[in-house]
Every structure is written in structure tokens, then in C-alpha cells.
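> Sharing a structure, written as C-alpha cells. Questions coming.
Derivation of every value follows stated rules applied to the coordinates shown; laboratory data play no part. None of these values were measured; they are calculated from a predicted model. In this analysis, Cβ positions are derived from the backbone assuming ideal geometry, glycine residues included, and neighbour counts consider all displayed protein chains.
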Amino acid sequence: MATAQAQPNIALIKYWGKRDVCRNLPAVGSLSLTLATLWTRMKVEFSTDIEADRLLVDGEIAAAMLPRVSRCLDQVAGCDRPHALIESDCNFPIAAGLASSASAFAALVVAANEACIEAGNIVAASRTTLDLARLAGAASGSAARSLFGGIVELVAGDARINVATMKQPPAWPLRVVVAVTERGHKPVASGDAMILSEKSSPFYSSWVRNQDQDLEVARSAVETRDFAQLAAVSEHNCLKMHSVMWTSRPPVVYWKPATLACMEAIRALQSEGQPVFFTMDAGPQVKAICLPDNEAQVMKTLSEIEGVETVMSSGLGTGACLLDDA
Ligand code: DP6
């Protein structure tokens, strides 16, 4: 038995599209921020006394998510593993575009691997953080990034991914303000939506073709701590991803009126000279990236917008880690 915790990550340069659906290899590289204060905790117990895998999410049986979790455990522990009881707790809304699958699968892989080590599995004992990231990424592409803290880059290679921290959290104290515009599950899972985009959006191929250019600009902005450059390329990349979604058939539109209202409010703050920019993922929530000095203003502005239910804020945190079971 073992328990692990992982934080969600928010991509500034987005993963959207799969090079290989079976192995869940991303078509493009990505760059993200691992958060500090939002988390998923996963407890995994393997036992020959358990008759079938069982998953509890926030105390409730979660049958729909179980097959994906079981497949991930097969990858970590082998298909001949004993059945498992998996308990997941999360301190933020699940499946609403807040990267809950990223923190969930990152924590799951770390906990399951540790449980295997305790049971004497030598393959598990030899795994590096990158190996664990690859296992997490096979379950959910964005989860690979949550194994690492701070500002993280994932490189999409031909055969497998590479992922690592570019800058540790203290190096650039960025803040992420999350405006929750709607709780509840998203209408289309991101994995299904990206496959649809590849099949039907006329913009998909240029999205993939131009990704390295955006990554290059973002990388240099991080290196030189150039907030304005990071803001410009991140908003552009986010809007390109959503354009690919919108031009898929049928269209995939995750935004709500409050999503757009938040974007407008952020634009107004920018025109006053405030360092802040937006990004949205496969959901209606808006993430505003800013600096410690203007965080309170950004939180206040977003919390006053009609349709915004809650505003949360976080700095950058560490990668997934084991927790003491006691
Ligand atoms: C929009 O990692 O959820 O958040 O690999 O199919 O599980 P699967 O997809 P997932 O996709 C995340 C997409 C995104 C952008 C990002 O996080 O880079």
C-alpha cells in the first residue's frame, strides 16, 4: 500500500493532438506550470484478498473512470498484478478543465510504483522520475508534466516523450489565479476532442506545424524572465488551440459567457499596464497568470464577474511525491 500526492499543471503552450493514439504519444511538445496548492491524493493498495479493482473518488464509487485507472495499474505493476483498491481525494473540481486527470494519474503512478517496490518488484525499484512520467503520460498526456515541479517542458519525440523541469518554483514567482465559471463534468473528454480535431479541423495541421516556433519563444521568455513575451505567446497558443477545437466537426466549444467576460477583464487589466495573461484548457475555467504584486487585483477583478463561482490562486509547486501512509 502507498499514497502519493500530485498537483495539477496548467499548460501555457498546449498539448493538443496525438501522434500515436495507442501509446498516447502527443503530436506536439508543451510547456506548463505545476501548481502548489491544488492537489490530488491517491492511495493504492494491492491485495490478493481484493476480488476486483475498486476506485473511490472523494469517497464515492467511480465506475466510469475505473477501466482507465486499471489499465494504468497494469502498465505500472504488470497485467498479472493483484487487484487493487484505489482511493482518490481532490481539493478542486474534477473533469472541468482544471487538469484533474494530470494530477490524478501522476499521483496514481507514483503510489502504485511505491506499492510495487514494497512488494519487492525490482523493475519498479529501478524506475526514475522520467520513467514514471512516461507511464503517467501513457494514461493521460498532461499527467507526465505533473511528475515535475515549477516550469516544465515536455518534448514530443518519435518513440517516447521527454519531460523535465526548466525552472524550479523560486526562480520566477509566477502566480496562477483560477476563475471557476462552472463546476461539473465537461461535455467532451479532451482525448476524444483532440482525435476529432485531427480528423476534421482544417487548422489542425498548421497547429502542429507551428508548435515548435511557439515553444521556442516561450522557452526564451522563461530563460530571460520576459513576462510580456510569455504572455503574448501563451495567449496566442491558447487561442490557436481553441480555434482548432471550434473548427472541428462537430465543433468543440468549452467556453461559457463568463469565460469570455474573464478574458475581457484580463485584457482591460493589461491595457492598464498590469502583468497578467489568460489561458483556458478543455473547460470553461480561466487561468490568469500574473505576478505576486498584482495577484490581489486580479483575484478581485475576476471574482466580481457575473458567472464566476469561485476564484482560487496558487504559486508554482513541486512534482508528485509520496506521502506518509501513517
Ligand atoms: C487542453 O492530458 O487530458 O489541457 O492524453 O487524452 O488524457 P489525454 O489528454 P489530456 O489533455 C490535456 C489537454 C489540455 C492542454 C494541456 O494540458 O496541455
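> Would you look at the GNM of the chain, springs on alpha carbons closer than 10 Å, and say which of A124, A84, A296 moves the most?
A296
> Still on this structure: Springs between alpha-carbon atoms under 10 Å, Gaussian network over the chain: tell me which of S200, S146, S32 tops the mean-square fluctuations.
The residue that fluctuates most here is S200.
> Quick check: the angle from helix 204-224's long axis to the longest principal axis of the chain, C-alpha only, nearest 10 degrees?
80 degrees
> Here is a follow-up. Quick one: longest stretch of the chain between exposed loop GluC sites (Glu not before Pro), exposed meaning at most 12 other C-beta atoms within 10 Å and loop per DSSP?
Longest stretch, sites excluded: 52-271.
> Fewest to most neighbouring Cβ within 10 Å: what's the order for C321, C290?
Going from sparsest to densest Cβ surroundings: C321, C290.
> Something else: Report, in debye and to the nearest 20, how large the dipole of the chain comes out about its Cα centre when Lys and Arg carry +1 and Asp and Glu carry -1 on their Cβ. Display every interim value, and only then the final one.
On the way: 28 positive and 35 negative charges, 174 e Å.
Dipole size: approximately 840 debye.
> About the Cα centre of segment 127-254, what is the dipole size in debye to 20, counting +1 per Lys and Arg Cβ and -1 per Asp and Glu Cβ, all else neutral? Mind dumping the intermediate values first?
Numbers: 14 positive and 12 negative charges, 61 e Å.
Magnitude of the dipole: close to 300 debye.
> Using a Gaussian network model on the chain with a 10 Å cutoff between Cα atoms, which of L215, L108, L260 fluctuates the most?
Per the Cα network of the chain with a 10 Å cutoff, L260 tops the list.
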